Amino acid sequence: MSIDAATVERIARLARIRIEDDQRDALVGELSGILSWVEQLRAIDTDGVAPMTSAVAHGLHWRADKVTDGDIRDKVLANAPLVIEGYFAVPKVIE
Amino acid sequence: MAELHELDLAEARDLLRRRVISSRELAEALLTEIERAAPLNAFLTLDRERTLAMADAADAALAGGEHGPMTGLPVAIKDVFCTEGVRTTAGSRILENFIPPYESTVTANLWRAGAVMLGKTNMDEFAMGSSNENSAFGPVRGPWRNGKGEDLVPGGSSGGSAAAVAARLAPGATATDTGGSIRQPASFTGTVGMKPTYGRCSRYGMIAFASSLDQAGPITRTVRDAAIMLGAMAGHDEKDSTVVDRPVPDYEAALERGVKGLKVGVPKEYHSAKTPKEIEDLWLEAIEWLKAAGAEVVDITLPHTEAALPTYYIVAPAEASSNLARYDGVRYGLRVMPDEKASLTEMYEATRGAGFGREVKRRIMIGTYVLSAGYYDAYYLKAQKVRALIARDFAEAFETVDLILTPTAPSAAFALGAKPDPIAMYYNDVFTVPSSLAGLPAISVPAGTDGQGLPLGLQLIGRAFDEETVFAGARVLEEAAGFSAAPEPWWKKGS
């Protein structure tokens, strides 16, 4: 499947990735190439096949639902680009 | 006695326990080698003080007659494992200054077993790549060279770990494998790379690429060392619900079981006109080695093999696009504000645009596309169904065979910059991706060299959670191959 520049821009917006103008054309070609290549799967008969959602069939392990840590605010915030009064800070979202 | 930095894990373990050498002198010798090997760019972060403090603690334990399975043994850690207080980048600009406030379970298990951290190894960004050229911190130069003296790739994504072990900078290193990232670099560098069954090692604190595929394992120079190291890395973990709650076998004890009476399958679909004759010949030779050791070798069919790569390149990017959504410039990692008045969305877009490299962007975008409204069924759901068929092929084969023998990679190490086309690069993992999709344990063993003297690996695939048989088979291949080649240490010249 071939995709155009508008589709690349739409995907980039969905993925929240800024694409510079000089990268767009290359991406159109590369992504089209990859999508065309994976399309060979359409030829495979998968009627009645259940999708595989887990790599190894085993029941998920249960554990007690209890608090195992806490009181580590400073650790949690230590790598944040901007912290204000103990909170992650982001650009204003409400006008 | 070999020089300290040339000791393998089992040899060093013996000398440490007999107190012939100390962990500190071993660690110091290896740190010196690492410094001299700066041209390889195999390491991203070293913390000499921490390394020596861990070595001293190990020496104190050994002096007191106490030891764990790996006490005093130095290992390198792929920079995808979070190490508390030590920078962890996943090879990405977006995590360039990230200092984890916690420890991954795999590394915590290694330290509990007594191992000593040498440093953090270079890798393809977020483990996406097969040549280690996608690292934001520059490619790793492979320690091997061809007749033309070109710089070759070490394979990827665990290229730094594989290069470090091959160049005798570390006797062992952790690695991770999503579609071949342990086994392919092991094959390229003449080392042993073991990807255990999905669910054997905890993924807690291992920076996620594709969660249904990612699995940790060791790269070492011998099969025995891989068994020692995997035994220390594996095990149940309350912090990762996909790890199985079953005891970790004594892998080392399984090494000398041999293959007498075992049935080994050779899948006809792995014969390809594109594979160099030297690799086909080595594969045929290995069939004779296994027969001579008492195994019965039979032809098998894995009909959906050809579908594995395109399936992988839908499933893995889809999972990656979801996993990498967390890098948004808010809680950790890089933040880029295009200008003071930028909106939150503009901040996200600028941060991710600047923080991710080209291959990571490509995969996030492919993943976003195949999961988007209108395309989910045609791409993602379809790929999950084909994945089920690929897993079924293996399940049917393992009803009659105990192991499957294949080449590890379709070529030896290639030159840096030789594969600019993404799909040509993806083809590197043609023999490793199928078993990854099926979640099965698989090992690469160095089995020979090509006409240019470059290492070639062979792969053994086993039943889920039967790493023991995989190790036993690998030991037979190792013994028969007698691979002893080592790269010429060209990186030391002039230092």
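The values are calculated or read from the model by the stated rules, or taken from the named source; none is laboratory data. Please read all numbers here as calculations on a predicted model, not as lab measurements. Because the Cβ atoms are built from the backbone with ideal geometry, glycine has one as well, and the counts that use them run over all protein chains shown. Note: areas computed on protein heavy atoms with side chains; ligands, DNA, RNA excluded. Shrake-Rupley method; radii C 1.70, N 1.55, O 1.52, S 1.80 Å.
Is it the case that some residue within segment B:285-302 is more than 18 Å from A:Gln23 (Cβ to Cβ), modelled with pLDDT of 95 or more and facing another protein chain (nearest Cβ under 10 Å)? No, that holds for no residue. What are the residues in segment A:18-67 that are among the hydrophobic types (A, V, I, L, M, F, W, C), in contact with a Ser or Thr (Cβ under 9 Å, 6 or more places away or on another chain) and under 30 Å from B:Gly329 (Cα atoms), if any? Scanning segment A:18-67 gives A:Val28, A:Leu31, A:Leu35. Do we have any residue at all in segment B:314-324 that's of a type in the set (Gly, Ala, Ser), more than 10 Å from chain A (Cβ to nearest Cβ), surrounded by 15 or more Cβ atoms within 10 Å (Cβ to Cβ) and more than 30 Å from B:Glu359 (Cβ to Cβ)? For segment B:314-324, residues of a type in the set (Gly, Ala, Ser), more than 10 Å from chain A (Cβ to nearest Cβ), surrounded by 15 or more Cβ atoms within 10 Å (Cβ to Cβ) and more than 30 Å from B:Glu359 (Cβ to Cβ): absent. Determine if segment B:244-254 includes at least one residue that is more than 25 Å from A:Thr53 (Cβ to Cβ), within 9 Å of another protein chain (Cβ to nearest Cβ) and open to solvent by less than 30 Å² (accessible area, probe 1.4 Å). The answer is no, given that none of the residues of segment B:244-254 is more than 25 Å from A:Thr53 (Cβ to Cβ), within 9 Å of another protein chain (Cβ to nearest Cβ) and open to solvent by less than 30 Å² (accessible area, probe 1.4 Å).
Figure legend. Inter-residue proximity from segment B:336-364: first residues more than 8 Å from every other protein chain (Cβ to nearest Cβ) and closer than 19 Å to B:Gly138 by Cα, second residues among the aromatic types (Phe, Trp, Tyr) and buried (at least 23 other Cβ atoms within 10 Å of the Cβ), beta-carbon distance below 6 Å, spacing 6+ or different chains. Indicated pairs: B:Val360/B:Phe126.
Looking only at segment B:448-475, residues that are of a type in the set (Gly, Ala, Ser), open to solvent by 10 Å² or more (accessible area, probe 1.4 Å) and over 19 Å from B:Gly179 (Cβ atoms) come to 3 in all.
Would you be able to say whether some residue in segment B:30-39 is open to solvent by less than 60 Å² (accessible area, probe 1.4 Å), under 30 Å from B:Pro487 (Cβ atoms), at pLDDT below 95 and in a loop (DSSP other than H, G, I, E, B)? No, every residue in segment B:30-39 fails to be open to solvent by less than 60 Å² (accessible area, probe 1.4 Å), under 30 Å from B:Pro487 (Cβ atoms), at pLDDT below 95 and in a loop (DSSP other than H, G, I, E, B). Taking the criterion of being touching a Ser or Thr at 6+ places or on another chain (Cβ under 6 Å) and closer than 23 Å to B:Val243 by Cβ, the residues of segment B:453-495 that qualify are B:Ile461, B:Gly462, B:Ala464, B:Phe465. Give segment B:190-217 a look and list any residue that's touching a strand residue (DSSP E or B) at 6+ places or on another chain (Cβ under 7 Å), among the hydroxyl-bearing types (Ser, Thr, Tyr) and within 14 Å of chain A (Cβ to nearest Cβ), or say none. Answer for segment B:190-217, where residues must be touching a strand residue (DSSP E or B) at 6+ places or on another chain (Cβ under 7 Å), among the hydroxyl-bearing types (Ser, Thr, Tyr) and within 14 Å of chain A (Cβ to nearest Cβ): just B:Tyr198.
Being of a type outside the set (A, V, I, L, M, F, W, C), farther than 20 Å from A:Ile34 by Cβ and open to solvent by 30 Å² or more (accessible area, probe 1.4 Å) holds for only one residue in B:Tyr332, B:Tyr327, and it is B:Tyr332. Checked against the criterion of being within 14 Å of another protein chain (Cβ to nearest Cβ), surrounded by fewer than 21 Cβ atoms within 10 Å (Cβ to Cβ) and in contact (Cβ under 8 Å) with a residue 60 or more places away in the chain, the candidates B:Glu96, B:Glu84 yield just one match: B:Glu96. Quick check on segment A:4-17. Is at least one of its residues within 15 Å of B:Ala383 (Cβ to Cβ) and not polar (S, T, N, Q)? No, segment A:4-17 has no match at all.
Here is a yes/no grid of residues against (1) at positive phi; (2) surrounded by 17 or more Cβ atoms within 10 Å (Cβ to Cβ); (3) not in a strand (DSSP E or B):
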| residue | (1), (2), (3) |
| --- | --- |
| B:Met54 | no, yes, yes |
| B:Asp59 | no, yes, yes |
| B:Glu66 | no, no, yes |
| B:Pro69 | no, yes, yes |
| B:Val75 | no, yes, no |
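When the residues of segment B:99-132 are filtered to those that are over 18 Å from the mean Cα position of the chain (by Cα) and of a type in the set (Phe, Trp, Tyr), the one that is surrounded by the most Cβ atoms within 10 Å (Cβ to Cβ) is B:Trp111. Considering chain A, the qualifying helices (runs of 4 or more DSSP H), each wholly inside and each with 2 or more residues that are within 7 Å of chain B (Cβ to nearest Cβ), open to solvent by less than 80 Å² (accessible area, probe 1.4 Å) and on the phi < 0 side of the Ramachandran plot, run over A:5-14, A:21-38.
The set of residues in segment B:206-243 being open to solvent by 10 Å² or more (accessible area, probe 1.4 Å), closer than 17 Å to B:Arg183 by Cα and of a type in the set (Ser, Thr, Tyr) consists of B:Thr222 alone.
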